[in-house]
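Visitor: Next up is a structure, given as structure tokens.
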Amino acid sequence: MKTIDPAVNVCLTSESIDRSYPIFIDGGLLSDRELLDDLLQGRSVCLVTNDTLSELYLSQVLAALGADRKVTVVTLPDGEQFKTMMAIEQVLTAALEEKHERSTVFIALGGGVVGDITGFAASTFLRGADFIQMPTTLLAQVDSSVGGKTGVNHPMGKNLIGAFHQPIAVLCDTQTLETLPDREFSAGIAEVIKYGLIADKVFFYDLIDNAEALKSRDPDVLARVIARCCAIKADVVSRDEREGGIRAILNLGHTFGHAIEKEQGFGKWLHGEAVAAGMVMATRISVSRGYVPSAVLDDLLLFLKTFDLPCTPPSGMTVDVFLRAMQGDKKVQSGRIRYILLSALGEASIVEDVSESEIAACL
Ligand SMILES: NC(=O)c1ccc[n+]([C@@H]2O[C@H](COP(=O)([O-])OP(=O)(O)OC[C@H]3O[C@@H](n4cnc5c(N)ncnc54)[C@H](O)[C@@H]3O)[C@@H](O)[C@H]2O)c1
């Protein structure tokens with residue numbers, strides 16, 4: 001297969017060090033031996049995946065890595081409940097037992113869970129090894145594989161332990177989305193429409209117009225949409241890698257969404273489903289403040305319903321329940337809850353003055 005050009009470049013410069021990396025987006029990338037040879041330059045590999053993905057895609061990735069390369073495969077159990085320090089230890093132990101060196105490249109083959117674990121393990125292996133993301137869910141392709149947030153959960157909360165560690169490349173193979181269950185695909189769509197709302201009005205309407213093509217997973221539409229999402233995320237991350245400010249706009253719907261996930265018990269609602277309901281709440285407040293026209297909310301609701309995504313929080317979630325759950329969120333600063341609202345369609349801002357009655361009006 002011919003080596004392709006990256007669809008997006010993430011440009012990060014700090015202390016005059018250029019840490020830019022390419023994002024490739026195409027069907028069949030997991031089998032692209034030439035591309036992997038280019039990226040790896042003869043280096044050994046520690047490939048991390050889970051038992052679902054290993055059945056589906058491991059053999060083709062191993063074939064593309066070539067028989068003459070040293071490759072260690074670590075297969076984790078599938079599930080968010082396994083995103084713990086135990087998984088990190090399992091990955092690191094395997095790499096150490098196989099006598100990998102700091103030049104080894106870790107590869108994450110899977111969704112956001114595998115990506116977050118692998119990136120964090122790589123960040124700590126011999127004080128820091130390179131890693132490549134091979135995201136296989138829509139959410140991972142448009143969100144978690146880009147931007148360098150890695151980590152695991154702690155019994156006291158989600159993603160509380162981790163590191164900023166950027167990959168050296170991201171390979172989004174759009175063919176992998178063919179096997180993704182509908183519910184997981186829809187959860188990723190919630191993050192996709194978020195980018196239109198916060199950063200690109202034209203993209204928002206492009207998504208509304210192409211809802212059916214997206215639903216049928218048209219590969220050309222998907223590739224174009226994933227590329228736009230990655231470009232928006234890359235732009236925001238390049239301006240604020242460590243979420244000191246502007247990067248927080250990527251959390252539209254997440255303050256309310258995390259409260260929903262927490263109250264329901266993690267895993268009952270998928271992250272993207274909770275974000276969908278949370279985005280509707282944030283958009284409702286933006287409409288009631290006169291920042292965006294109500295037609296935006298109508299378009300958003302119709303779009304989310306096309307993908308069977310929830311548009312309201314679960315019944316029983318009162319204002320008090322929301323406030324209690326949101327106080328415990330790691331996005332709280334100095335005890336104040338930070339909300340992301342739309343200041344216009346395609347523009348977001350961080351606010352702290354959302355009132356209890358504004359939240360009540362969304363329920
Ligand atoms: N690092 C970040 O910036 C960031 C951003 C958002 C979310 N996250 C994290 O990402 C995780 C969620 O990621 P996710 O939604 O990808 O979930 P996931 O990794 O759990 O994958 C969802 C399910 O789909 C399966 N799967 C993955 N790809 C498949 C494919 N191509 N075909 C069939 N099945 C497939 C997985 O095995 C799993 O059962 C959470 O832990 C969240 O905290 C991280």
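Visitor: Looking at Gly147, Gly111, Gly128, which is the one that is closer than 22 Å to Lys194 by Cβ and surrounded by fewer than 24 Cβ atoms within 10 Å (Cβ to Cβ)? Outline the logic, then answer.
Guide: Working: Gly111 fails: surrounded by fewer than 24 Cβ atoms within 10 Å (Cβ to Cβ); Gly128 fails: closer than 22 Å to Lys194 by Cβ.
Unique residue meeting the criteria: Gly147.
Visitor: Continuing with this model, one more query. Out of everything in segment 119-150 that is of a type in the set (S, T, N, Q) and either modelled with pLDDT under 95 or near the ligand (Cβ under 8 Å from one of its atoms) (or both), what residue ends up being farthest from Arg33 (Cα to Cα)?
Guide: Per the criteria, the residue is Thr150.
Visitor: Right, another one. For segment 55-95, which positions are part of a helix (DSSP H, G or I) and either on the phi > 0 side of the Ramachandran plot or without any contact (Cβ under 8 Å) to a residue 24 or more places away in the chain (or both)?
Guide: From segment 55-95, those part of a helix (DSSP H, G or I) are 55-65, 80-82, 85-95; that's our starting set.
Of everything in segment 55-95, those that are part of a helix (DSSP H, G or I) and either on the phi > 0 side of the Ramachandran plot or without any contact (Cβ under 8 Å) to a residue 24 or more places away in the chain (or both) turn out to be Glu55, Ser59, Leu62, Met86, Glu89, Gln90, Thr93.
Visitor: Inspect segment 187-196 for any residue being farther than 19 Å from Ile25 by Cβ and either in the same structural domain as Thr150 (by TED's automatic domain parsing) or not in a helix (DSSP H, G or I) (or both) and give the result as yes or no. Show your work before the answer.
Guide: Of segment 187-196, the ones farther than 19 Å from Ile25 by Cβ are 187, 190.
Checking which are either in the same structural domain as Thr150 (by TED's automatic domain parsing) or not in a helix (DSSP H, G or I) (or both) leaves us with none.
Among the residues of segment 187-196, not one is farther than 19 Å from Ile25 by Cβ and either in the same structural domain as Thr150 (by TED's automatic domain parsing) or not in a helix (DSSP H, G or I) (or both), which makes the answer no.
Visitor: Just need a number here: residues in segment 44-85 that are within 19 Å of Phe131 (Cβ to Cβ), within 16 Å of the ligand (Cβ to nearest atom) and either acidic (Asp, Glu) or surrounded by fewer than 16 Cβ atoms within 10 Å (Cβ to Cβ) (or both).
Guide: Total satisfying the criteria: 1.
Visitor: If you go through segment 267-280 one residue at a time, do you hit one that is more than 21 Å from the chain's Cα centre (by Cα) and within 25 Å of Asp182 (Cα to Cα)?
Guide: no
Visitor: May I ask you to say which residue of Leu214, Leu301, Leu222 is surrounded by 15 or more Cβ atoms within 10 Å (Cβ to Cβ), in the same structural domain as Ser355 (by TED's automatic domain parsing) and in a helix (DSSP H, G or I)?
Guide: Values: Leu214 fails: in the same structural domain as Ser355 (by TED's automatic domain parsing); Leu222 fails: in the same structural domain as Ser355 (by TED's automatic domain parsing).
Being surrounded by 15 or more Cβ atoms within 10 Å (Cβ to Cβ), in the same structural domain as Ser355 (by TED's automatic domain parsing) and in a helix (DSSP H, G or I) holds for just one of Leu214, Leu301, Leu222, which is Leu301.
Visitor: Let me ask something else. Out of curiosity, is Ala163 at pLDDT 95 or above, open to solvent by less than 10 Å² (accessible area, probe 1.4 Å), among the hydrophobic types (A, V, I, L, M, F, W, C) and out of contact with any His (no Cβ under 9 Å at 6 or more places or on another chain)?
Guide: Taking the combined requirement at face value, the residue does not satisfy it.
Visitor: Hey, could you check segment 248-286 for residues that are open to solvent by less than 40 Å² (accessible area, probe 1.4 Å) and of a type in the set (Asp, Glu) and say which is modelled with the highest pLDDT?
Guide: The qualifying residue modelled with the highest pLDDT is Glu273.
Visitor: Is it the case that Asn153 is open to solvent by 20 Å² or more (accessible area, probe 1.4 Å) and either more than 11 Å from the ligand (Cβ to nearest atom) or on the phi > 0 side of the Ramachandran plot (or both)?
Guide: On the way: open to solvent by 20 Å² or more (accessible area, probe 1.4 Å): yes; either more than 11 Å from the ligand (Cβ to nearest atom) or on the phi > 0 side of the Ramachandran plot (or both): no.
Taking the combined requirement at face value, the residue does not satisfy it.
Visitor: Given the structure, is Ile25 β-branched (Val, Ile, Thr), modelled with pLDDT of 95 or more and either under 21 Å from Cys230 (Cβ atoms) or part of a helix (DSSP H, G or I) (or both)?
Guide: Judged against the criteria, Ile25 is a match.
Visitor: If you go through segment 300-314 one residue at a time, do you hit one that is over 29 Å from Ala234 (Cβ atoms), in contact with a Ser or Thr (Cβ under 8 Å, 6 or more places away or on another chain) and touching a residue at least 12 places away in the same chain (Cβ under 8 Å)?
Guide: Checked segment 300-314: at least one residue is over 29 Å from Ala234 (Cβ atoms), in contact with a Ser or Thr (Cβ under 8 Å, 6 or more places away or on another chain) and touching a residue at least 12 places away in the same chain (Cβ under 8 Å).
The values are calculated or read from the model by the stated rules, or taken from the named source; none is laboratory data. For clarity, every value in this text was computed on a predicted model and none was experimentally measured. Neighbour counts are summed over all protein chains in view; Cβ atoms, including those assigned to glycine, are modelled from backbone coordinates with ideal geometry. Calculation scope for accessible area: heavy atoms of the full protein, side chains included, ligands and nucleic acids excluded. Shrake-Rupley method; radii C 1.70, N 1.55, O 1.52, S 1.80 Å.
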